[in-house]
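Peer 1: Sharing a structure below in structure tokens format, with a few things to ask.
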Amino acid sequence: MQAFEYANPATLAEALKSLGSSWDEAQVLAGGTDIISLMKDDVAAPKRLVNIKNVKELGGIAPHAGGLRIGATATFDELATNAAVRTYPAIRTAVLGVASPQIRNMGTAGGDLCQRPRCWYYRAGFGLLATKDGQPLVPNGENRYHAIFGGGPAYFVSPSSLGPALIALGAKLTLESASDKRTVDAAKFFLAPGSETEREIDLKPNEIVTGILLPAAAGEKSATYEIREREMLDWPLVTASVALKISGGKVSSARVVLGHVAPMPWVAVAAEQYLLGKAISEATAEEAGAEAVKGAQPLSQNAYKVQLAKVAVKRALLAAAGKA
Amino acid sequence: MPDYHWPPMDQRRAIGKRVARLDGLQKSTGQAKYNSDLNLPGLLFGVLLTSPHAHARIKSIDTSQAEKLPGVTSLRVIQGAGKELNWQGQEIASVAATTENIARDAVRKIKVEYEVLPHLVKESDLGKAGTRAKAAGEVTTGDPEKAFQEADAVSEGLYAIPVITHCCLESHGQAVEWKPDGVNYYPSTQNLSAIGAELGRSIGVPAAQIHSHMDHVGGGFGSKFPPDLWGAECAQLSKASGGRPVRLFLDRKQELLIAGNRPSLFAKIKAGAKKDGTLTVWQSESWASGGIGGGGLNADALPYVFRNVENRKINHTSVSLNTGSARAWRAPSNQQLSFVTCSALDDLAAKLGMDPLAFFLKNVNLSNRPDVYKYQLEKAADLANWSKLWQGRGASKGPIKRGLGIGVSMWGGLGHDSKCKTTINPDGSVAVELGSQDLGTGTRTCIAQVAAETLGLPIAAIKVTIGDSSLPASGASGGSTTIGGVSASTRKSSVNALQKLFEAVAPQLGGNADQLEAVDGRIQVKGTPSKGLSWREACRKLGVSKIEEMGENVSRTAIRDGLINQGTAGVQIADVSVDVETGKVKVNKLVAVQDCGLVINPKLAESQVYGACIMSICAALLEERITDQQTGRVLNPDMEFYKLAGLADIGDIVVHMDIRPDMDKRGVIGLGEPPAIAGIAAIANAVANASGVRVAGVPLTPYRVLDALGRRTA
């Protein structure tokens, strides 16, 4: 790890002033569960770390416009124990999926959205797009954990636990820089970079994710289903988050979002459309799963993730409808 | 000669008791100090620069910037310009500095130019190994061709078990303090008594001037015998830093890359049997690698346990890879042999439409201990509720399918050379000293139990000291030889010391020494408690001179003494659930039936088996070293993608120690390795039974299980 400067601001204004115009200049430190390992592995070497844990206005979980505001530095443990979060089962399950108390105690909501991909080529120093001598390493390499959707030139999968659930629930994110405030749909926050200099999220080096705004939970049935290799702390192989509005026993609105299958949370539009007007049953859930994976482009080793995505969608839908 | 034999089973008061380990509290509260915790005055931190490439030649190396860094006290080039590096992680230079961060900064400032050379880091496809593959053994017995023609059923399959690493929680390394009058050496080792002399040879210091000390070791599993290159480097860094102590332990990445591994094994197996299940013929073509040195195998050891099958045709190929080298891994070769053998036999049973339990029972005669395997198979089946739960392959209904599978093991044991000193002081206190090490198995506790049994004292009255090179030498803890070695030497030294005490008090008790016994803290005439003295009173008769007696176990002749023995058998049965929609495997239960002769401490023995079962579950479900042929890198040299099981992944473990009197009579036999062998095979077979298909390789992740189930939608 390169030596770095440490800024410890007490206010958001101060924190924003400490940021720079490039990622090399300064990066945000919240839970530190990712940035510290990136620095130890010499994948990131910011000159300054800006600790935002002491910025009060970035914390907390509170009612907001009929829904909920989750502060950027709210920890996963806070999310896991907060009563209001329980009314969003898709989020709660995603939170509990982060299966180590240590990570839940330290990791934050904002950090979950901004953490970097776990792609082993990226972590070994071959860049976000994982290339060697200009050639992409993933398609012909060890790609069992990589993307089955939206691959090329980026093949990593978005590591965010909250992302798919937030998108399914129609959440918005608030972002601030010293000179600007903006609100973006969670669905538009995640990006597939087209070059090594681009990021996988819509965040500028001088911005901080300040919070998450969730719409009212009422009337929405949501669930997340996660498949991972081990029960102990592990990255999911695939997750599916769904949110349904059901009237008269039929689906009137559906959101189906897959996690860990693409460089960003992957909205399964075909599955959403298929579900409209259907009652949720084993058969329709299965069919929705099949719709969700249409167009998947698995790599040499990860076709099994197509099957996992299909099953995750099915099981998430049945869970949301209370039929699991 | 005094009678060293173990007291009869029903008369033992300390041996065979479920005593909690003596250092358990220390370890669980963090008071136990490992040498990687050591913080000596003036301590410097050593860090290695290692190769990022699998195969390269060093064109140039420039250390000038690193050497200038304030806080750097010494820097050494291990591999200079022109040298060839043959695996990722190979050592290039070492640095000592006043803080770990400075040492790491310095390592980063060493500029190395490499000429990258072609590499091979994957052996799964033997066709791609080219000249890196070398014939490594061939065996033919009987007439395999004819036997296949005559067989009623023939089964064929490919079975693969990958390279895994040891994952010692305490990484490899040491602290060394090179003073003018000698070298203080604080290793993390399985070989405390002899490792100092080995270090001495590599740094040119006489063994007599090296003092080695280690109270605890955080895991070895076969990978911590030699001082290694980094031991010598650490010593040289200390010397070059004016004798200040240097602590150099591998970081986790280096630990996974260069601190050893268990070689892989890939085997194409064809086996045939008669209708009644009798195995008649075995044919296998296998290959393996454990790194640059390839992956040898004793071809004659196949089929494992059932080796006495009449017709065999076996050949093995060793593949050299540009990866860190193999080391002994808790029963070297045996997991691999057990896995490929039991998998192939399970498939053959399925082909015959036969219950694998019946199949294995039918073939116990092909093993060297038929009666023991028969007993153990039946016992394990009983504990696993086999007769009620077992169904034919794939017969389990629903998406979550349950299945059972069997694995078997064998191992040697015996006891290494060991010398022990028992001291009885005039105040009655007792010290037992030997230069052994406790790998976490409970060696300390067992030594105390043997001495307490022998002297008729409570366990708390025995002060056991191990882990120092000034103590009587004890062998390396390898091959499951520690308990045999130390229990025999402790028994002998304690019997010898007691004999001296008897001689000292015999006159007063009006008899001769041979008529005395030590029971419940008293020295008395055999069977006459009224004619006796308390232990303290007896010791007071020693006046000012303490008793110091030695005892020795000599491995070569140990069996003659009747205290220890060799040869263990084990059977494990796994009960698993397989979600055939996701390929996720859950171990519901792993039953382990194990013999190891006379058991000094059943609680610690069971604990040893629990640990071994957990390792087997890790290896069966999760562990593999993943290499990338494009970059030559190991992609998971970390605890994130090199996955070990957590509590929630493990399931129930049921341990049954086979402590029947006939087993006890054999004497003490090592247990370190035997229980770590059969579990992988048992789990793999249970998954085949549940899912209805054979997954060619472990670990049994959705990646492989779904592939085998043919459910990939692409």
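The values are calculated or read from the model by the stated rules, or taken from the named source; none is laboratory data. Keep in mind that this is a model prediction, so the values were computed, not measured. Note: ideal-geometry Cβ built from the backbone for every residue, glycine included; neighbour counts use all protein chains shown. The accessibility values were calculated without ligands, DNA or RNA, using every heavy atom of the protein model including side chains. Shrake-Rupley method; radii C 1.70, N 1.55, O 1.52, S 1.80 Å.
Peer 1: Tell me the relative contact order for chain A as a rounded percent, counting alpha carbon contacts under 8 Å between residues six or more apart.
Peer 2: The normalised contact order for chain A reaches 17 percent.
Peer 1: A further question follows. Taking the dipole about the Cα centre of region B:42-136, with the C-beta of Lys and Arg at +1 and of Asp and Glu at -1, give me whichever of B:T63, B:L126, B:F45 is farthest to the positive side.
Peer 2: Value: B:L126.
Peer 1: Something else now. Quick check for you: with a 1.4 Å probe and neighbouring chains kept, what is the accessible area per residue of region B:357-443, in Å²?
Peer 2: Result: 38 Å² per residue.
Peer 1: Please identify the GluC sites (Glu not before Pro) of region B:512-615 that satisfy two criteria: DSSP loop assignment and at most 11 other Cβ atoms within 10 Å. Which are they?
Peer 2: Hits after loop and neighbour filter: nothing returned.
Peer 1: Related question: State, as an integer percentage, the relative contact order of region B:101-241 based on alpha-carbon contacts under 8 Å between residues 6 or more apart.
Peer 2: On the way: 127 pairs, mean separation 29.5, N = 141.
With pairs under 8 Å counted, the relative contact order is 21 percent.
Peer 1: Given the Cα-Cα distance of B:V139 and B:L229 and 0.36 nm per residue of separation, how much length would full extension add, in nm?
Peer 2: Gain on stretching B:V139 to B:L229: 28.7 nm.
Peer 1: Continuing with this model, one more query. Please compute the per residue accessible area over region B:149-220 with all protein chains in place, 1.4 Å probe, rounded to a whole number of Å².
Peer 2: Per-residue value: 36 Å².
Peer 1: If you count the DSSP beta bridges with both ends in region B:585-714, what percent of them are antiparallel, to the nearest 5?
Peer 2: Working: 2 of 8 bridges.
Here the share of antiparallel DSSP bridges comes out near 25 percent.
Peer 1: At what distance in angstrom do the alpha carbon centres of region B:509-554 and region A:90-105 lie from each other?
Peer 2: So the separation of the two Cα centres works out to 63 Å.
Peer 1: Short version: which residues of region A:203-243 lose at least 20 Å² of accessible area, all chains versus chain alone, 1.4 Å probe?
Peer 2: A:I227, A:E229, A:R230, A:E231, A:M232, A:D234, A:W235
Peer 1: Just the ratio, please: alpha-carbon radius of gyration of region B:240-280 over 2.2 N^0.38 Å, N its number of residues.
Peer 2: Expressed relative to 2.2 N^0.38 Å, the Cα Rg reads 2.74.
Peer 1: Could you let me know the centre-to-centre spacing of region B:604-652 and region A:224-300, using Cα atoms, in angstrom?
Peer 2: Region B:604-652 and region A:224-300 have Cα centres separated by 31 Å.
Peer 1: While we're on this one: Could you go through region A:31-43 in sequence order and give the Karplus-derived ³J(HN,Hα) for each residue, using 6.51 cos²θ - 1.76 cosθ + 1.60 with θ = phi - 60°, rounded to whole Hz, and x for Gly and Pro?
Peer 2: x, x, 5, 10, 4, 5, 5, 4, 6, 5, 8, 6, 8
Peer 1: Still on this model: Give the peptides B:421-434, B:678-691 in descending order of average Cβ contacts within 10 Å, highest first. Show your work: numbers first, answer last.
Peer 2: Numbers: B:421-434: 20.4, B:678-691: 30.6.
In decreasing order of mean packing, B:421-434, B:678-691 become B:678-691, B:421-434.
Peer 1: Further question: Between rounded, prolate and oblate, where does region B:93-201 land on the alpha carbon gyration tensor, with a ≥ b ≥ c its root eigenvalues, rounded for a/c under 1.5, else prolate if a/b exceeds b/c?
Peer 2: prolate
Peer 1: To continue, here is another question. So for region B:444-537, considering every pair of alpha-carbon atoms, how many percent are separated by more than 23 Å?
Peer 2: In whole percent, the share of Cα-Cα pairs in region B:444-537 beyond 23 Å is 32.
Peer 1: So, one more: Only bridges whose two residues both fall in region B:329-488 count here: according to DSSP, what percent of them are antiparallel, nearest 5?
Peer 2: Bridges in region B:329-488 are about 50 percent antiparallel.
Peer 1: Average the reciprocal distances over every distinct pair of alpha-carbons in region B:218-350, invert the result, and give the Kirkwood radius in Å.
Peer 2: 17.3 Å
Peer 1: On the accessible surface of region B:104-192, probed at 1.4 Å, how many percent belong to carbon and sulfur atoms?
Peer 2: For region B:104-192, the apolar C and S fraction of the accessible surface comes to 50 percent.
Peer 1: OK, next. Using Cα pairs under 8 angstrom and six or more residues apart, how large is the relative contact order of chain B, in percent?
Peer 2: That works out to 17 percent.
Peer 1: Just give the residues from region A:83-119 buried by at least 10 square angstrom of accessible area in the all-chains context relative to the isolated chain, probe 1.4 Å, and say none if nothing qualifies.
Peer 2: A:R118
Peer 1: Sticking with this structure for a sec: Compute the signed sum of charges (Lys and Arg +1, Asp and Glu -1) over the other residues within less than 14 Å, Cβ to Cβ, of B:A66.
Peer 2: Values: positive: B:K68, B:R76, B:R104, B:R108, B:K109, B:K111; negative: B:D62, B:E67, B:D105.
Result for the neighbourhood of B:A66: +3.
Peer 1: What are the residues whose amide H is under 5 Å from the amide H of A:L191, where those residues sit 5 or more places off or on another chain and H is modelled from the backbone?
Peer 2: Sorted by chain and number, the residues that satisfy this are A:I201, A:D202.
Peer 1: Is the shape of region A:120-190 rounded, prolate or oblate, going by the alpha carbon gyration tensor and its root eigenvalues a ≥ b ≥ c, with a/c under 1.5 for rounded and a/b larger than b/c for prolate?
Peer 2: Working: a/c = 3.16, a/b = 1.85, b/c = 1.71.
Cα axes put region A:120-190 in the prolate bin.
Peer 1: Can you work out the base-10 log of I(q)/I(0) for region B:373-529 at q = 0.10, 0.12, 0.14 1/Å, using the Debye formula on its C-alpha atoms alone?
Peer 2: The Cα Debye sum returns log10 ratios of -0.55, -0.67, -0.77.
Peer 1: Counting just the Cα atoms, what span does region A:212-309 cover along each of its three principal axes? Round to the nearest Å and put the largest first.
Peer 2: Over region A:212-309, Cα extents along the principal axes are 43, 29, 22 Å.
Peer 1: Calculate what fraction, in whole %, of the accessible area of region B:592-700 sits on carbon and sulfur atoms when a 1.4 Å probe is rolled over the protein chains. The partial results should precede the final answer.
Peer 2: Working: 1390 of 2460 Å².
Carbon and sulfur atoms account for 56 percent of the accessible area of region B:592-700.
Peer 1: Pick out, from A:A290, A:A309, A:I280, the residue whose Cα sits farthest towards the positive end of the charge dipole of region A:272-324, with +1 on the Cβ of Lys and Arg and -1 on the Cβ of Asp and Glu.
Peer 2: With unit charges placed on the Cβ atoms, the residue in question is A:A309.
Peer 1: Let me ask something additional. Indicate the helices, whole DSSP H runs only, in chain B that combine a mean Kyte-Doolittle hydropathy of 0.5 or more with a Cα extent along their long axis of 15 angstrom or more.
Peer 2: Helix filter hits for chain B: B:192-203, B:443-455, B:602-621, B:679-691.
Peer 1: Can I ask one more? So how exposed is B:V19, as accessible area in Å² (1.4 Å probe, rounded to 10)?
Peer 2: That residue has around 30 Å² of solvent-accessible surface.
Peer 1: If you count the DSSP beta bridges with both ends in region A:1-121, what percent of them are antiparallel, to the nearest 5?
Peer 2: 40 percent
Peer 1: Same structure again: Apply the Karplus parameterisation 6.51 cos²θ - 1.76 cosθ + 1.60, with θ equal to phi minus 60°, to every residue of region B:278-288 and state each ³J(HN,Hα) to the nearest whole Hz, in sequence, with x for glycine and proline.
Peer 2: For region B:278-288, the Karplus curve yields 5, 6, 10, 8, 9, 9, 9, 10, 10, 8, 7 Hz.
Peer 1: Further question: Could you check how many percent of all C-alpha pairs in region B:8-157 are farther apart than 20 Å?
Peer 2: Everything past 20 Å amounts to 72 percent.
Peer 1: Find the eigenvalues of the gyration tensor of the Cα atoms of region B:58-109, then list the square roots of 5 times those eigenvalues as equivalent ellipsoid semi-axes, largest first, in whole angstrom.
Peer 2: Numbers: eigenvalues 89, 27, 13 Å².
After diagonalising the Cα gyration tensor, the semi-axes are 21, 12, 8 Å.
Peer 1: List for region B:589-631: residues with 50 Å² or greater reduction in accessible area, all protein chains versus chain alone, probe 1.4 Å?
Peer 2: Checking the loss per residue gives B:I626, B:Q630, B:T631.
Peer 1: Apply the Karplus curve 6.51 cos²θ - 1.76 cosθ + 1.60, θ = phi - 60°, to the phi angles in region B:258-265 and return the couplings in whole Hz, x for Gly and Pro.
Peer 2: 10, 8, x, 7, 9, x, 7, 8
Peer 1: Over what distance in Å are the Cα centres of region B:438-492 and region B:171-236 separated?
Peer 2: Here the two parts' Cα centres lie 22 Å apart.
Peer 1: Another one. Pop out the Kirkwood hydrodynamic radius of region A:108-265 from its pairwise C-alpha distances, inverse of mean 1/r, in Å to one decimal.
Peer 2: Computed over region A:108-265, the radius equals 16.7 Å.
Peer 1: Let me test this: with uniform point scatterers at the alpha carbons of the protein assembly as shown, what is the Debye-based log₁₀ I(q)/I(0) at q = 0.04 1/Å?
Peer 2: Normalising to I(0) and taking log10 leaves -0.23.
Peer 1: While we're looking at this one, here's another question. Please report, in whole Å, how far the alpha carbons of chain B spread along each principal axis, starting with the longest.
Peer 2: 87, 73, 45
Peer 1: Follow-up question, since we're still on this one. Rounded to the nearest 100 Å², what's the accessible area chains B and A bury against each other, both chains counted, probe 1.4 Å?
Peer 2: 3300 Å²
Peer 1: Based solely on its DSSP helices, what 222 nm [θ] is calculated for chain B when runs of n ≥ 4 H residues each add -39,500 (n - 2.57) and the sum is averaged over all residues, nearest 500 deg cm²/dmol?
Peer 2: The per-residue figure over chain B is -8500 deg cm²/dmol.
Peer 1: Give me the three principal axis extents of region B:663-712 from the C-alpha atoms, as integers in angstrom, largest value leading.
Peer 2: Principal axes ranked by extent give 54, 17, 12 Å for the Cα atoms.
Peer 1: Over all directions, the average projected area of the alpha-carbon convex hull for region B:524-635 comes to how many nm²?
Peer 2: Answer in nm², one decimal: 16.6.
Peer 1: For region B:76-157, which chymotrypsin sites (Phe, Trp or Tyr not before Pro) are both in a DSSP coil and crowded by at most 10 other Cβ atoms within 10 Å?
Peer 2: none
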